[in-house]
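Down below is the structure, laid out as structure tokens.
The values are calculated or read from the model by the stated rules, or taken from the named source; none is laboratory data. Since this is a predicted model, take the numbers as computed values, not measurements. Cβ placement follows ideal geometry from the backbone for every residue including glycine, while neighbour counts extend to all protein chains displayed. Side chains are part of the model used for accessible areas, which takes the heavy atoms of the whole protein and leaves out ligands, DNA and RNA. Shrake-Rupley method; radii C 1.70, N 1.55, O 1.52, S 1.80 Å.
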Amino acid sequence: MIAVTEDMVREIAQAAAITLTPEETAHMLRDMQEIVQFVERLKAVDTEGVQPTIHPVALVLAMRDDVPAQGHPREALLALAPDAEGGYFRVPSVLGE
Amino acid sequence: MTYETVVGLEVHVELATKTKLFCECRTDFGAEPNANTCPICLAHPGTLPRLNEEAVALAIKAALSLGCEITRETKFDRKHYFYPDLPKAYQMSQFDRPIGQNGFVEIEVDGEKKRIRIERLHLEEDAGKLVHTPAGTLVDFNRGGVPLIEIVSAPDLRSGKEARAYLEKLRAILAYAGVSDVRMEEGSLRCDANVSVRPLGETRFGTKTEIKNMNSLSSVEKAIEYEAARQVEVLAQGGTIRQETRRFDEARRVTVAMRAKETAADYRYFPDPDMVPFTIPEAWIDEIRASIPELPDERRGRYIEQWGLSPYDAGVLTLEKDVSDFFEATVAAGGDVKTIANWMMVEVLGYLNKHQKTIRDVPMTPAHLAQLVRLIEDGTISGRIAKTVFQEMIESGADPKSIVEAKGLLQIQDVSLLEEVVSRVVEAHPQSVADYLAGKERALGHLVGQVMKETKGKANPKLVNDLLQKALEAKRADHAGP
Ligand SMILES: [Zn+2]
């Protein structure tokens, strides 16, 4: 069984760009340990000869035709952003790659 | 120690759909910034993706054209990273169930055939475009959400040259199949290379670097050759290769380190909960398979079988679909196939190459090229004049007959007129005549050249040759006479 540690919680938070307080970290640790324990219980089920499931609900995906729709007014979309210029959205500088 | 280069390519190709992968925005190249955006491709909260059926069909078509198996039950996964070109902060991609798997591309380098395996082909959405300015980074999401296929080769390539051959072939197959316009300069085909080196005979792989920012076929070849040489140099000096991403600097022809390579786990892939998995019906696959037109290898075979072209010529003429289509249209317009093939290979491709143009950039039509070849065949113009006419024809788009008439380039077929010039030349060059009569056959060539010069290249060379020989033999008879 995977042992969830505080370091692991911090790494995951960092990968998701989330800042956690020490209280939140402790809370997350508890939650994540419970999730892992739950998965351990599921592992006990005998799945011999059962096809793997990739989605729990048997739905048929509806696809759409490749037909362009009337465009959305660009100015209205740009107006929703914190900053825009010359038809572009503007974000803080991304320093060299 | 001798080292061997190991290369695998990751190629991204924009599919030729009218709309984006998950929304009804247009995919046109060159629109005003953000003109082709909507709440879905801008990731507004509460919006949901709706999959474009044509994109899936084209991905299947590409996969089948590359000999892939189709994954019948497939799905989309989220690939997470934070960058302003990605409004959702994840990219919709496919992780463990790519639409196509286990395909291949056959290449031929220096006469040697080789099969390059394709590990996977998956569907994903493109990201937006960033413009860096002193006053911040500007974002254009027109390309964001445009359907792409990513084609990952096995590490089967052993040189920059092989990588280029693979890419050329891949591009040809996708263009013939009609799944993309595969233009590197417009970004509808992009290529990253994984490069490592290892001592010859070693079976394990060395540490690889990933090369980005290669904008043409020749830069792919050069970047790989440079990078392999750099790695060998590092190892020769006792150093180790760092796993990193490097950028090709086109101007300096070197690769430059960008960042340490993120591992796959950093992307935190998981199945996209906004989309349900989907099953590709067998009947749909059959229907798409039946719609695949003739692919480059088949066409090449046909040129060899049906028209008797050499394997090399047939290969060159089928490498680009537009060129091959032009060639076939010219043949259909009438004329000797081998002569047309020769004009295509030498003059047309030579011109395009020299001027960095594609066949679509020039105003010349297949009918004009066919007409030019017929003008040579029926003796109206000489082969040499034809080259002058060709230059004008490919540049102006005028038809060859009018060029010939306007410039007075008609070949001189008039025997009496040519006889006059021939006798003048014979008189003016006694030394050449003497040489010829003394058995120096080469002197004849010199005299033919003189006649051509006098007639500004318009004389029928065969006729000149015959008349000259006649005149010279007459001289011989005189000398030998009583
Ligand atoms: Zn959209």
Do the conditions hold for residue B:73, that is, is it open to solvent by 40 Å² or more (accessible area, probe 1.4 Å), within 11 Å of another protein chain (Cβ to nearest Cβ) and either at pLDDT 95 or above or closer than 26 Å to residue A:68 by Cβ (or both)? no
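Matching residues to (1) of a type in the set (Ser, Thr, Tyr); (2) touching a Phe, Trp or Tyr at 6+ places or on another chain (Cβ under 9 Å); (3) in the same structural domain as residue B:81 (by TED's automatic domain parsing); (4) away from the ligand (no atom under 16 Å from the Cβ):
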site	(1), (2), (3), (4)
B:113	no, no, yes, yes
B:145	no, yes, yes, no
B:156	no, yes, yes, yes
B:161	no, no, yes, yes
B:182	no, no, yes, yes
B:185	no, no, yes, yes
B:203	yes, no, yes, yes
Using the structure shown, decide if residue B:469 is surrounded by 19 or more Cβ atoms within 10 Å (Cβ to Cβ) and not assigned by TED's automatic domain parsing to the domain that holds residue B:372. no
Only one residue in B:27, B:37 is of a type in the set (Ser, Thr, Tyr), within 15 Å of the ligand (Cβ to nearest atom) and open to solvent by 20 Å² or more (accessible area, probe 1.4 Å). Which one? B:27
Residues located in the range B:105-116, provided they are surrounded by 15 or more Cβ atoms within 10 Å (Cβ to Cβ) and without any contact (Cβ under 8 Å) to a residue 60 or more places away in the chain: B:109, B:114, B:116
If residue B:287 meets every condition in (1) in contact (Cβ under 8 Å) with a residue 12 or more places away in the chain; (2) open to solvent by 60 Å² or more (accessible area, probe 1.4 Å); (3) within 30 Å of residue B:74 (Cβ to Cβ) apart from one, which number is that one? (1)
Determine which single condition residue A:93 fails, assuming it passes every other condition in (1) within 11 Å of another protein chain (Cβ to nearest Cβ); (2) open to solvent by 100 Å² or more (accessible area, probe 1.4 Å); (3) polar (S, T, N, Q). (2)
Which pairs have Cβ atoms under 7 Å, sit 6 or more apart or on different chains, and link a residue in the range B:38-63 that is of a type in the set (Gly, Ala, Ser) to one that is within 11 Å of the ligand (Cβ to nearest atom)? B:43/B:87; B:55/B:21
For the subset of the range B:202-229 comprising residues that are open to solvent by 70 Å² or more (accessible area, probe 1.4 Å) and in a loop (DSSP other than H, G, I, E, B), which member is nearest to residue B:251 (Cα to Cα)? B:215
Residue match in the range B:256-275 (condition: part of a loop (DSSP other than H, G, I, E, B) and under 29 Å from the mean Cα position of the chain (by Cα)): no
Among B:53, B:14, the single one that is within 16 Å of the ligand (Cβ to nearest atom), of a type in the set (Asp, Glu) and farther than 30 Å from residue B:197 by Cβ is B:14
